[in-house]
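The values are calculated or read from the model by the stated rules, or taken from the named source; none is laboratory data. In this text, all values refer to a predicted model and were calculated from it rather than measured experimentally. Every residue, glycine as well, gets a Cβ built from its backbone with ideal geometry; the counts of neighbours run over all protein chains shown. Just the protein is used for accessible areas: all its heavy atoms, side chains included, with ligands, DNA and RNA removed. Shrake-Rupley method; radii C 1.70, N 1.55, O 1.52, S 1.80 Å.
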Amino acid sequence: MSNEKSVPSVSVTYAQNGNSTKPNELGMRVMQERAYEKRGEQFLLIKSPPASGKSRALMFIALDKLHNQGVRKAIITVPEKSIGSSFADEPLSQFGFWTDWTVAPKWNLCNAPGSDGGKAEAVGTFLKSEDRILVCPHATFRNAVEKFGIEAFDNCLIAIDEFHHVSANPDNRLGAQLAELLARNQVHVVAMTGSYFRGDAEPVLMPSDEEKFKSVTYTYYEQLNGYKYLKTLDIGYYFYANAYSDDILKVLNPDEKTIIHIPSVNSRESTKDKVREVEHIIEELGEWQGTDPVTGFQLVKTPSGRILKIADLVDDDASKRDRVSAALKDPSHKNNRDYVDIIIALGMAKEGFDWIWCEHALTVGYRSSLTEIVQIIGRATRDAPGKSRARFTNLIAEPDASEATVAEAVNDMLKAIAASLLMEQVLAPRFNFTPKAKATGPQDGFDYGDGGYQQDKCNVGFNADTGEFQIEIKGLAQPQSKEAERICQEDLNEVIAAFVQDRPSIERGLFDHEMVPQELTQVRLGKIIKEKYPSLTEEDQEAVRQHAVAALNLTQQAKAVLNPNEEAPQSGNTALIDGVRKIALSVLELDIDLIDSINPFGEAYKILAKEMNEERLRQVEAIITGKKVQMTTEEARDLARRALKFKAERGRLPSLTSPDPWERRMAEGVAFLARMKAEAANG
């Protein structure tokens, strides 16, 4: 690129202990064993990264339900027909299980010809048959439910793969049907996803339905830490000016096995000629040598003399594209690293696509959602011999305030930053926070660093086997209910996902330099949690908020303290762990008030200020700050509530003339409500 803007926002290195791929005596890997232990639950939610073995975990659970729990049928539904192959026959007994997984060919409707509407009739036939396992696309299942009614599926197991396609929005047909199935309470449900959040900020389930599910959580850290080969994963977004195709080689290394997702033809990054874009990328890579007659791969000779095999999944000629797609799915070449070098796609090769050799997922333009980004990253996180490093690159057009599309450009940039912040959290070890006053001393299995456990310090322990931080925080609110405890232990990433996707939060956090951090960490995040978990008590909502902001800010500050010169984060064996320890040792007591006073988006802004064209950054800031919103009634009430807490602790209300900006802001909230009350009284 003429002015390459590189932002490697996070680089995480793992231990390669091999645990996540070691099977037990039943042939189950760690995640599968964890899920199987909860096989008796009627409603089970499995949250686990790509390549962790969710499809096989479902096989184990479904077989037990069919043979030992009295369930009459198992219906597995997937979003795309290609994913149906993940549930093909498996000889599980060869690896220690007590039976095999077998799907009669006629009941794998992902392979059947015809429309989803027509296939719905086959579901009805299956329900009346003696056979017990069926695999079908989401669309087929939706049509079958509409055709035969909810009651037809009584005493069946409904397994929903890629569960993030479900939404609590009433317009989401699958989500509405699931709500009916849960309300009738005559089915078993296993939901599986690698990203239990949606890119449109819609909840996957309503809180009342979500409470019915028991969760199995297997983190990215556990998965990657337990690999044998892959050691380092880099996540980054890169700014470019002009056409991306002109300088794509600045981020595309022909020696890396790469999936390139070019932008949608409807996006502003697109030239509107997707075929020409692919041709241009091929021309940049080298001299075209023709097409392989068997696979349909494009053959390209690089300047070094190497022949690249490029799979083009963008071609409008369906026969050519289908031949390439079939060649990529051919199982006989799964273990051949040299079979293909680069895959160029638009809407394909995302969730469920299994190419273990992929080292680089390069996406041009922000796609449709955070969920899609997480799924694309999953294409590069498979473990494979000789593959020690993998990376994801999001190539984003630098916002130019002189363009008519500047609002769209800024939106893309904010979404890219949100994805980066979320992935930093997803890839990090698990946080287990405890109040300082309740600290019970050093925990078995935790490494407390060279200083060991010190009762008078804020102590940080790390368990490399479980991937868990044990951190003491003064003044931390603890969850009181089982549900709040579960959220703090398992769902903090979902809370953080909602926060970083909240447009007002990220805009103010990045560009409003007069903003008081507590307006985000307390007021805005508090509002999000109230909306997300309305059934929790106010005390439990506050506990969840404190745990979420502590996890987010500790991750962000850990990057900062290890990069005092504000350089982009560099990889290191224990960079995040060392960073959190350094924070803990730099203060006598880490307390929640200190954590609340840190802007969660501050480190992201530092990277932007360093990497982005200064003039354009000022233009973007002007656009964002030029549309500041005044305080809302809801925000004022939240500030007033916190002012009452302030009064209970200090014996006085916050002052409008205080030198502390947060105290002034709480006082402004009280004054705002007083003005509203006076205006209402005066008519």
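Things to note:
- For the stretch 280-319, the tally of residues that are open to solvent by 40 Å² or more (accessible area, probe 1.4 Å), acidic (Asp, Glu) and part of a strand (DSSP E or B) stands at 1.
- Taking the stretch 494-504 as the range and being in a helix (DSSP H, G or I) and surrounded by fewer than 23 Cβ atoms within 10 Å (Cβ to Cβ) as the test, the residues that pass are GLU494, ALA498, ARG503, PRO504.
- Selected residue (criterion: modelled with the highest pLDDT) from residues of the stretch 632-647 that are more than 18 Å from GLN541 (Cβ to Cβ) and surrounded by fewer than 16 Cβ atoms within 10 Å (Cβ to Cβ): LYS647
- Condition met for GLU269 (in contact with a Pro (Cβ under 9 Å, 6 or more places away or on another chain) and in contact (Cβ under 8 Å) with a residue 60 or more places away in the chain): yes
- Within this structure, GLY347 passes the test of being within 28 Å of the chain's Cα centre (by Cα) and assigned to a loop (DSSP other than H, G, I, E, B).
- Qualifying positions in the stretch 452-478 - modelled with pLDDT of 85 or more, open to solvent by less than 30 Å² (accessible area, probe 1.4 Å) and not in a strand (DSSP E or B): LEU476, ALA477
- The stretch 655-673 residues that are without any contact (Cβ under 8 Å) to a residue 60 or more places away in the chain and open to solvent by less than 40 Å² (accessible area, probe 1.4 Å), paired with ones that are of a type in the set (Phe, Trp, Tyr) and in a helix (DSSP H, G or I) (beta carbon under 8 Å, 6 or more apart): GLU663/PHE646; MET666/PHE646
- Qualifying residue in the stretch 384-391 (condition: aliphatic (A, V, I, L, M), modelled with pLDDT of 85 or more and either over 22 Å from the mean Cα position of the chain (by Cα) or more than 29 Å from TYR229 (Cα to Cα) (or both)): yes
- Of all the numbered requirements in (1) open to solvent by 10 Å² or more (accessible area, probe 1.4 Å); (2) in contact with a Pro (Cβ under 6 Å, 6 or more places away or on another chain); (3) assigned to a helix (DSSP H, G or I), GLU519 misses one, and that requirement is (2).
- Per-region count, the stretch 274-286, residues charged (D, E, K, R) and over 14 Å from ALA345 (Cα atoms): 2
- Count of the stretch 53-93 residues which are free of Cβ contacts under 8 Å to residues at least 12 places away in the same chain and either among the hydrophobic types (A, V, I, L, M, F, W, C) or part of a helix (DSSP H, G or I) (or both): 2
- Those helices (runs of 4 or more DSSP H) of the stretch 529-614 in which 3 or more residues are at pLDDT below 65 and more than 30 Å from GLU634 (Cβ to Cβ) occupy 575-586.
- Residue among ASP100, ASP116 that is more than 18 Å from GLY53 (Cα to Cα), in contact with a Ser or Thr (Cβ under 7 Å, 6 or more places away or on another chain) and either of a type in the set (Asp, Glu) or open to solvent by 50 Å² or more (accessible area, probe 1.4 Å) (or both): ASP116
- Taken over the stretch 33-68, residues that are more than 20 Å from the chain's Cα centre (by Cα) and hydroxyl-bearing (Ser, Thr, Tyr) amount to 1.
- Filtered residues of the stretch 204-237 (kept if modelled with pLDDT under 80 and touching an Asp or Glu at 6+ places or on another chain (Cβ under 8 Å)): VAL204
- Test: residue in the stretch 158-174 that is of a type in the set (Val, Ile, Thr), touching a Phe, Trp or Tyr at 6+ places or on another chain (Cβ under 7 Å), buried (at least 21 other Cβ atoms within 10 Å of the Cβ) and not in a loop (DSSP other than H, G, I, E, B): no
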